1. Report the charge-dipole magnitude of the chain in Debye, nearest 20, computed about the Cα centre from +1 at each Lys and Arg Cβ and -1 at each Asp and Glu Cβ.
2. Consider a paramagnetic label point 7 Å from the Cα of Ala156 along Cα→Cβ; state which residues of segment 1-39 have an amide N under 16 Å from it.
3. What is the extension gain from Gln356 to Ala75, computed as 0.36 nm multiplied by their sequence separation minus the C-alpha to C-alpha distance, in nm to one decimal?
4. For a footprinting-style exposure proxy, rank Ile219, Ile4 by other Cβ within 10 Å, fewest first.
5. Please give me, ordered by residue number, the trypsin sites (Lys or Arg not before Pro) of segment 114-214 that lie in loop per DSSP and have at most 13 other Cβ atoms within 10 Å.
6. When DSSP beta bridges are limited to those with both residues in the chain, what percentage is antiparallel, rounded to the nearest 5?
7. Aspartates and glutamates within cross-link reach of Lys260: Cα-Cα under 15 Å, excluding same-chain residues under 8 positions apart?
8. Using only helices, what value at 222 nm comes out for the chain when you add -39,500 (n - 2.57) per DSSP H run of length 4 or more and divide by the total residues, to the nearest 500 deg cm²/dmol?
Amino acid sequence: MAMIRIHSSAGVYEVHCARGVLWRARALIARAVGDATGVFVVSSPRVWRACGREVARALGISPRRAILFDDREAAKRLATVEKIASALVRVGADRHCVVIAVGGGVVGDVAGFAAATYLRGVRLVHIPTTLVAQVDSAIGGKTGVDLPEGKNLVGAFYPPKLVIADPNLLRTLPHREYRSGLYEVIKYGVIADAKLFEFLATNMNVVLRRDPEAVDWIIQRCIAIKTRVVNEDEREAGLRKILNFGHTLGHALEAATNYKRFLHGEAVAYGMVGATLLAIATHRLDLANGHRILVAIRRVGPIPDVPRLEPSRIFSLLASDKKSRAGKVRWVLPRDIGTTEWDATVPEDLALRMIQGTRLMMEEMKIDDPIIAVRKPNLTPKPPATRNIVTLRMSPPRGKTSAR
Ligand SMILES: NC(=O)c1ccc[n+]([C@@H]2O[C@H](COP(=O)([O-])OP(=O)(O)OC[C@H]3O[C@@H](n4cnc5c(N)ncnc54)[C@H](O)[C@@H]3O)[C@@H](O)[C@H]2O)c1
Ligand SMILES: [Zn+2]
C-alpha cells in the first residue's frame, strides 16, 4: 500500500505512505487541493531543526517561512491556537490557503485545530514525523487541544485533504519516542490484526533496530487498520472505540502524573497491561493469549515505573474520561488477538485490583523477564457481554515482510 483512500464526512482524502514520498509532496498537494493562494507550514522548533530543511526543499518554500510553536504537551492549549492564527494573519493567509502540519501528534492536533477554525476553516495537509503520528494521529480527522481539566477536551473533527507519511522522516526521532509509538503498533495488532501481532511477537528485535522493510510494513499495516475503522465509524459511535484499547487507564496515568512521567505510548502500554488483566479476570481472554500480549509489550523495553498512586484518584480520573458515561467506566477489552469488545463494564473492585496488579506486573516483568506469571484474580466468573465485539478481517498490504 503506497496510497490508501479515506472516506470522511468532508470528502475523500488520500494517505500516501512510502519511503521518499516526501519528494512528491508538491505534486500531491497540487492535486489534492487545486489552486491555493499560499502554503503555510506549521511545525515546532525541534521538528523543524530535525527535518525543516528537507521538508522546505520538498515543498519548494524557504525554511524561514515556517510558523513554529513549542510542541510540548503543556503547549497543546487554546493560547497556542490563537498564536498560530495571529501568525497566519501576519503572513497574509487567506481562506484559499493551505496549512501544512509538519510534526508529531501535538503539532498535528494543534495545527489541525487552528486550520479548522482559522477563517472558519482552511485546507489542511498532514506531514507526520513521529511513529505515533504516522500510524495514528494524522489519520481520522481528530484535532484539538487540552484544558487544565483534561486532555483533548476542546477540538473538532476536521479531516485533512491529504496525508504524506514518509518513514524517512523518522530517522531523527529519539529512540524512546520511537518505542513509545511501537506500543500503539502493538495496540493495532491486539485489537484488529493477529498477523501484525504475530509479526511483532516474532520480529521485535528487527523492529527495534528500525529495519526499513519491517518499519514500512508495520506503518502501512497500521494505517490500513485505522482507515478501515474510521471509514466505518468516523465519529466514534461504536467501532472506533476499539482504538482506545489501553487508553482508559493510560490517560488516567498520564493525568495523574501531570503528563510528565510517561510518553503517551508508555502510559498506553500500562493501560494495555491493565485491560489485558481485566479481560483475563473476567474470562473474556484466555491466559495464553493474555500472556502473549504482556510479553510483546514487555519486549519493547523499559518504561518508567508507575508511582504509588491513590486508587481513588485514579478512579475519579477514569470516571471523568471522555469515554465514560454517567461516571461508569467503559473499557475496551481483548477477547482474542484480533477480536475486541468495546463499552465493556467490570465491577469496581476488580478494576481496583487490576490497577494494583498492573504495577506489580510490570515490576515482576523487570525482575524476571520472559517468565511472567499472570495471576488470575480469584473472583466469581462474570458472564462476558455478547455485544460490541468485532473481528476485523484485514487484507494484507502488499510487501515482502508479510511473508516472513
Ligand atoms: N488526533 C488523534 O487522533 C491522535 C491520536 C493519537 C495521539 N494524539 C495526540 O498526539 C500527541 C502525541 O503525539 P506524538 O507521540 O507524535 O508526540 P509529540 O508530537 O509530542 O512528539 C514527540 C517529540 O518528538 C519530537 N519530534 C517529532 N518528530 C521528530 C523527528 N522526526 N525527529 C526528531 N524529533 C521529532 C517532537 O518535537 C516532540 O518533542 C498527544 O497529544 C496525543 O493526544 C492524537
Ligand atoms: Zn494513543
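1. 660
2. Under 16 Å, as judged by backbone N against the label point of Ala156, lie 9-11 of segment 1-39.
3. Difference between extended and current length: 98.0 nm.
4. So the residues, fewest neighbours to most, are Ile4, Ile219.
5. Those that pass, being in a loop and sparsely packed, are Arg209.
6. 50
7. Excluding near neighbours in sequence, the set is Asp71, Glu73, Asp146, Glu177, Asp305.
8. Theoretical 222 nm ellipticity from helices: -14000 deg cm²/dmol.
No lab work stands behind these numbers, since they all come straight from the coordinates. From a predicted model like this one, the values you see are computed outputs, not experimental measurements. Using ideal geometry, Cβ is built from the backbone for each residue, glycine included, and neighbour counts are taken over all protein chains shown.
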